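No value in this document is a laboratory result; all are computed from the given coordinates. If you're wondering where the values come from, they're calculated on a predicted model, not measured in any experiment. All Cβ positions, glycine included, derive from the backbone under ideal geometry; neighbour counts span all protein chains shown.
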Amino acid sequence: MALTRILLNLGLDALLAALALPLAVWMASPGGWPPPPLWWLGAVPGAVAALLLAGLPVRLPQQYWRFAALKDLVAAVAAGAGGAVLFALGLFLLGAWRPDNAAFPLIHAGTLAAALLAPRMAGRLRQERRANGPAGLAVAQPAQPVLLVGTGDAADLFIRALLQQRSPGYRVIGILARRPRAAGRRIHGYPILGGFEEAAEVLDRLRAEGRPPATLVLADPDLQGPELEDLLDVADRHGVLVKRAPRITALDPARRENPASRRFDLRPVAIEELLDRPQVPLDREGMARLVQGRRVLVTGAGGTIGGELARQVAALGPAQLALLDHGEFALYSIDLELAESHPGVPRRAVLADVRDAARVAALMADVRPELVFHAAALKHVPMVENDPLEGLLTNALGTRVIADAARAVGCRAMVFISTDKAVNPTSVMGASKRLAEMYCQALDKQARASARGMRCVTVRFGNVLGSTGSVVPLFRRQLERGGPLTVTHPDMRRYFMTVREAVGLVLQASVIGAEDRQDQPPELAEGGIFVLDMGKPVKIVDMARRMIRLAGLRPDEDIEIRFTGLRPGEKLYEELFHGQEPPRPTRFAGLLVATPRTTDADAVGGAIDAIAAAARQGQAKPALARLAEMVPEFDHNPGAPPVTRT
């Protein structure tokens, strides 16, 4: 098919060259025709051959006339000029017929270029008219009218890709630009109707004119946070959907396949895009210095946080990366992913339970890690409330087992992943993580006091969007089933950040906490708990309503929101700092430090052992009583009455 099209293009260009020559001769010197035999046997074939030869370097025969872009039109002009030069040079060298007008080569070049351009431009205009859906054109599925949001390369490529389709599914009726002063200008002939902040007025005007858009298409990839939130609110009031344009690489018209046969789909706006979280500059050199060439162990590597830690650590070039997890399939999945994405990094996948001291000690002696990231934990509050002893064994004892084994083999630093639920905990999960924090802080205090030994870096943060067991995947599943979306309480608020951002800041904290830097600020001299700046808490019911709207549905009409009551151990509001550990800022963006509340490592370790012994014997009351002694702010909320919607 491709060869047939190329041969057809060659034949058509040859015909155009044959027609352009007599026209150029007539324009240069009417009546000054060469003798007939020379004309038919030499001049016309020579002009054709000259054009075909000049068209080869610019790939003239391979052009799609319907999809001719500026580059293709320039190539046609270049081929016309080159063909005229070659023809004139041939006449001169052969000493054959010479036209009376010395400007003939220029006239011939212009005529030939015009002949080549005319059908290509006509084909492109015909394709654009087809894409725009002119009146009277019968189509089985009318193109959906859309208002494009954003200018620049993404908008340009979206429109170009749309124009190249034989039966486009979308029809651009206008553009909203980031800058209001761009109103009145045009992109590919489509008018810029106003700025982002004028979206409401533009939609009102289009509705009054009887041509409202069905969808706002976000072509600007940087449109996120509050600006996107405002636009979604406007669209919601006007009953207009909001969707994202495909990535630029998916729209690139330079791709080799037939542009007319390529289809693309708009995607819904992700709830993650509404977080107003500016990019935080990170010390990538420090991270590489910490990880590169060292043996690293990640526990809980099959989980959301542990998996992302493994990915980002692998990208920094460790000497060896050991992945530890208790779940077989989760461990297999992350190991397979890293084998494909970082095949050059030596890896070891280990099935193990962090509570098994003998197994962990043997593993540590074998791997001898220089850096440990401890992300393994039981994190689901209601599940741990159902089985509190399991939570105590994994979160408290498991952390001590990992820390002691790592310290015994000379590990340089251990990074412990904690949670905002450890602050003024009302759940066993939160209290068990607070006890683990205390043990890690005590070990770190010892290491700093003696200027040797393993550093323990504790990092505390809130919920990660999209993590296993979190609210966003739950809402998505409930939406797929048609609802209802279940929210425990209308006033429930939580902190959120993306997993990639959270892990980047964990690595940043690791660099700061594991190194004795000369430029280290005083607030970090005694250690402490690093707390990620989580921004503002988000109401869960607002997130539910927004996700319903992003799916093109109406809350409480198409999809019900049902309040189910606080679950065991839950709090309405999470906190990042205890009253006795006031936050201290650091010079590192996105990181705060909680003033350490330290105690003796042996005392905490002894308490953990006592709690673990009671847990192994199934004695919940003594285990929880000892936990409450060690964490006096633990205000256990084992259950709550259901909350009905008002």
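For the pair residue 315 and residue 227 in one chain, pulling the backbone fully straight at 0.36 nm per residue adds 28.4 nm over the alpha carbon distance.
Once the chain from residue 18 to residue 556 is taken as fully extended at 0.36 nm per residue, the excess over their C-alpha distance is 186.6 nm. Residue order for 546, 171, 59, 452, fewest other beta carbons within 10 angstrom first, comes to 452, 59, 171, 546.
With a point put 7 Å past each Cα toward its Cβ, work out how far residue 637 is from residue 114 in nm, to one decimal. Roughly 8.2 nm, to one decimal. Between amide H atoms placed 1.01 Å from N, distances below 5 Å from residue 352 occur with 325, 326, all of them 5 or more places distant or on a separate chain. In terms of surrounding Cβ atoms within a 10 Å radius of their Cβ, 332, 495 rank from fewest to most as 332, 495.
Karplus-derived 3J(HN,Hα) values for segment 473-481, using 6.51 cos²θ - 1.76 cosθ + 1.60 with θ = phi - 60°, are x, 4, 4, 5, 5, 5, 5, 4, 8 Hz; glycine and proline are entered as x.
Applying 1/(1 + (r/R0)^6) with R0 = 60 Å to the Cβ-Cβ distance of residue 29 and residue 190 gives a FRET efficiency near 0.85. Sorted on the mean count of surrounding Cβ atoms within 10 Å across their residues, most packed first, peptides 392-398, 302-308, 86-92 read 392-398, 302-308, 86-92.
A Förster radius of 51 Å, combined with the Cβ-Cβ distance separating residue 408 from residue 237, puts the computed FRET efficiency at roughly 0.25.
Excluding same-chain neighbours fewer than eight residues apart, the lysines reachable from residue 445 by a Cα-Cα span under 19 Å are 433. Segment 379-412 and segment 428-496 have Cα centres lying 14 Å from one another.
If R0 is 60 Å, the Cβ-Cβ spacing of residue 500 and residue 103 corresponds to a FRET efficiency of close to 0.40.
Using 0.36 nm per residue and subtracting the Cα-Cα separation, the extra length available between residue 288 and residue 211 on full extension is 22.2 nm. Inter-label distance, residue 356 to residue 390: 1.7 nm, where each label sits 7 Å from its Cα along the C-beta direction.
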